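Structure first, then comments.
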Amino acid sequence: MWEFISTQFTILHAWLFQTIIQPALYWLGMMSWDEMAFDGTELFLIGAIELLLLYILFRPLELLAPAENWPDRKQANVDFLYSMLTKLGILPLFFFLALTPTFDWVNGTLRLSGIIPPNLEDFIPILKNSPVLSSVVYLAIFDFSDYWRHRLQHSLNIWWALHSLHHSQRQMSFWTDDREHLLDQLISSLLRASLGLIIGVPPVQFLVVTLISGAIEAFSHANVRLSFGTIGERLIVSPRFHRLHHAMAVGHDGRHRGCNFAQVFSIWDVLFGTANFDATYHPTGITDQLAGIDYGEGFWSQQRLGLTRLWRTRGPQL
């Protein structure tokens, strides 16, 4: 089954590249970009398939058991644009590939000096022979890193100026996961890609882990009245658990400047005292919005306002 799917994907990839992308490069006089465009076409296809699967899997659930009923989805529509920009480009993988030559140069220089940089598989040899186990380990490492990065997005005012865009959605849906200021996305992607290169994650597994975590995070943002139960919610982030992170007057307040920061494994919130298991389905958004603070309705206005907030909060404020 998997071999059949892989073969069909390869055929589609080759057809798209040879029929559309390669002739366009020739017409534009950019044939030197041929190899990079071939890889980019593959990433585009993977992103397009992911978008389709997310819609097929999660949209029916939002219709069957919505956490909130909206008169229309106007406010949620802009989030689909964010998802297209993110999923079709896969920013973390782009940075991973872009940074690889630099890390290879550093690695080669160290080896010529007699220094052998270790990676995770050197410390845990069993990972070399078990792709499934290694993917789970890499997913846990990235998620642990994302948990602390996410807490910084809330605790540092200068970073919250950008991240607040993500929390300003009053109609949260499974597309909201990618609703981020572009600068915020670039910073997060750069950190994630750098971590992957430091611990020696193979590119294919980096892509697999990125897709898996992205799917789980999209589901956790879905407008669905669903929890994973007493035990399940202490292990994996559910739509109910993550909705509290976006809840108005809950998700960015309190001693920790919020709660339920985990992206995939809610165990991090349990271990570090930031978990909230309130069963109430609160409205989402930021309390500033009740006072009329504008976070923008369109893509460009949201990007502009994010930079404006960033300028106003510049400096080492905590």
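So the values come out like this:
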{"quantity": "The chain: angle of helix 182-198 to the longest principal axis, Cα-based, in degrees nearest 10", "calculated": "50 degrees"}
{"quantity": "Residue-span extension gain [Trp15 to Met31] - 0.36 nm each, minus C-alpha spacing", "calculated": "4.0 nm"}
{"quantity": "Under 15 Å, Cβ to Cβ, from Leu85 - net charge with Lys/Arg +1 and Asp/Glu -1", "calculated": "-4"}
{"quantity": "Residue-span extension gain [Thr7 to Glu297] - 0.36 nm each, minus C-alpha spacing", "calculated": "100.2 nm"}
{"quantity": "Footprinting exposure proxy for His163, His256 (fewest neighbouring C-beta atoms within 10 Å first)", "calculated": "His256, His163"}
{"quantity": "Between helix 34-64 and the chain: long-axis angle, C-alpha atoms, 0 to 90°, nearest 10", "calculated": "30 degrees"}
{"quantity": "Rounded to the nearest 20 debye, dipole of the stretch 203-318 from Cβ charges on Lys, Arg, Asp, Glu", "calculated": "200 debye"}
{"quantity": "Among Gly285, Gly114, Gly47: highest mean-square fluctuation, GNM of the chain, C-alpha pairs under 10 Å", "calculated": "Gly114"}
{"quantity": "Most fluctuating residue given options Ala215, Ala193, Ala14, as computed from a GNM of the chain linking Cα atoms under 10 Å", "calculated": "Ala14"}
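No value in this document is a laboratory result; all are computed from the given coordinates. Remember, it's a predicted structure, so these values are computed and weren't measured experimentally. Glycine also receives a Cβ, built like all others from the backbone with ideal geometry; neighbour counts cover every protein chain displayed.
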